[in-house]
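Report on one structure; see the data block that follows.
The values are calculated or read from the model by the stated rules, or taken from the named source; none is laboratory data. Since the structure is predicted, the reported quantities are computational estimates derived from the model, not experimental observations. Positions of Cβ are generated from backbone atoms using ideal geometry, with glycine treated the same way; all protein chains shown enter the neighbour counts.
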Amino acid sequence: MKKRIVSFENVSISASASVVGKHEALGPMGDSFDYRDMSDAFGAKTWEKAESAMQKKAFEVLLDKADLIEEDIDAMFAGDLQNQCVGSSYGLMDFNVPYFGLYGACSTAAESLMLSAMCVSGGHYRRCAAVTSSHYLAAERQYRSPIEYGAQRSPTAQWTVTGAAAFAVERGEGKARITEAMPGMVVEKGINDASNMGAAMAPAAADTLLAYFKESRLSPSDFDAIVTGDLGFEGGRVLCELLAAEGLDIHEQYNDCGVLIYDRIRQDKHAGGSGCGCSAVVLSAYYLKLFACQKIKNMLFLGTGAMMSPSSIQQGLAIPAVAHLIRLQA
């Protein structure tokens, strides 16, 4: 069987930054984010430009928190939900840093961290930045319809997080070590409902987790947390059912970034949060802080992405998904 787990030695997330909009600031993690804009505009005139400004702000906050300058970053891996990742390219073009644009949908945070760790571990770069964002209003305009249209949202629909996060990945000690990674494979199980991305992504998450536990010979009880981003309430339930059918129970360790970021009672976000920025800001503002205070020491972080486009949705195509895994240790 082909070996899929990639191991790293002495590679860490040394610093991180998180920037969010109004709804995220009003959620249960509101005070934990580094920067909050209650207008969602970030000083820009359009929602697409607002996302670029938000991503630029996240990278600037990262440099400030880590006491770095842009020349200290050898390469950046960045992505978002806009067509051809223009949110990232416009947001980061003013920095004198080599740029790799990524599209992994909601899996982009895990993908960018994985690729950064590979480049640092391989000795190609000394320090990389992983930067990711999504904006609710820009995503709605691209994938569904402008919110002014007033379209009713399905109970299984998730709310695209307005948020951006940036991480510095380098050799040495840091907030958490990236010790392993498992790139995901594309999985498509016939789901073509763009309002139920959780169900479309859950089979990909199950595929990666089953492969990881089989190859590593570890079990869920070996971990303090197994976290997906972002299956929401619907996809998380489907994932646990799929794994249980294969004899794997993760209920005790499992949580989802899309479930954590909003208050389900006070904030009507239906099936929870989603978007490139969701798992990124939750990892930065919540889980890395748990590592810092030693409340968790061993975690699987699984980025799940629904790989769809406006044209594929209009043509009624089934939604392929991917789930990238990284293992974080204290």
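Residues in the stretch 291-310 include none that are under 24 Å from M54 (Cα atoms) and of a type in the set (K, R).
Quick grid of which residues meet (1) touching a strand residue (DSSP E or B) at 6+ places or on another chain (Cβ under 9 Å); (2) over 30 Å from L92 (Cβ atoms):
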{"residue": "V161", "(1), (2)": "yes, no"}
{"residue": "A168", "(1), (2)": "yes, no"}
{"residue": "R177", "(1), (2)": "yes, no"}
{"residue": "G190", "(1), (2)": "no, yes"}
{"residue": "P203", "(1), (2)": "yes, yes"}
{"residue": "V227", "(1), (2)": "yes, no"}
{"residue": "F233", "(1), (2)": "yes, yes"}
{"residue": "V238", "(1), (2)": "no, yes"}
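Looking only at the stretch 275-311, filter to residues that are touching a strand residue (DSSP E or B) at 6+ places or on another chain (Cβ under 8 Å) and of a type in the set (S, T, N, Q); which one of those is surrounded by the fewest Cβ atoms within 10 Å (Cβ to Cβ)? Checked the stretch 275-311; the qualifying residue surrounded by the fewest Cβ atoms within 10 Å (Cβ to Cβ) is N298.
Remark: I191 falls outside the filter, which requires a residue to be touching a helix residue (DSSP H, G or I) at 6+ places or on another chain (Cβ under 6 Å), modelled with pLDDT of 95 or more and not in a helix (DSSP H, G or I). Is it true that A105 is surrounded by 24 or more Cβ atoms within 10 Å (Cβ to Cβ) and modelled with pLDDT under 95? So A105 passes the test.
Per-residue answers, yes or no, for (1) buried (at least 19 other Cβ atoms within 10 Å of the Cβ); (2) not assigned by TED's automatic domain parsing to the domain that holds G277:
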| position | (1), (2) |
| --- | --- |
| A165 | yes, yes |
| M182 | yes, no |
| K189 | no, no |
| P203 | yes, no |
| A206 | yes, no |
| P220 | no, no |
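Of all residues in the stretch 309-330, those being in contact (Cβ under 8 Å) with a residue 12 or more places away in the chain and outside any loop (DSSP other than H, G, I, E, B) number 11. Among residues of the stretch 122-134 that are in the same structural domain as E51 (by TED's automatic domain parsing), those with a beta-carbon under 6 Å from a residue that is part of a strand (DSSP E or B) and of a type in the set (S, T, Y) at least six positions away or on a different chain give the pairs S134/T160. Counting only residues that are free of Cβ contacts under 8 Å to residues at least 40 places away in the same chain, part of a loop (DSSP other than H, G, I, E, B) and either out of contact with any strand residue (DSSP E or B) (no Cβ under 7 Å at 6 or more places or on another chain) or among the β-branched types (V, I, T) (or both), the stretch 47-101 holds 7 of them.
How many residues does the stretch 238-279 contain that are at pLDDT 95 or above and among the charged types (D, E, K, R)? Total satisfying the criteria: 5.
Okay, residues lined up against (1) modelled with pLDDT of 95 or more; (2) under 19 Å from the mean Cα position of the chain (by Cα):
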site: L26; (1), (2): yes, no
site: D34; (1), (2): yes, yes
site: D37; (1), (2): yes, no
site: D40; (1), (2): yes, no
site: G43; (1), (2): yes, no
site: W47; (1), (2): no, no
site: E51; (1), (2): yes, yes
site: M54; (1), (2): yes, yes
site: A58; (1), (2): yes, yes
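Buried (at least 20 other Cβ atoms within 10 Å of the Cβ), assigned to a loop (DSSP other than H, G, I, E, B) and not polar (S, T, N, Q): which single residue out of G174, G198 fits that description? Criteria check complete, one pass: G174. Restricting to the stretch 4-24, name every residue that is assigned to a loop (DSSP other than H, G, I, E, B), within 20 Å of the chain's Cα centre (by Cα) and over 21 Å from K269 (Cα atoms). If the condition is that a residue be assigned to a loop (DSSP other than H, G, I, E, B), within 20 Å of the chain's Cα centre (by Cα) and over 21 Å from K269 (Cα atoms), then I5 is the only one that fits.
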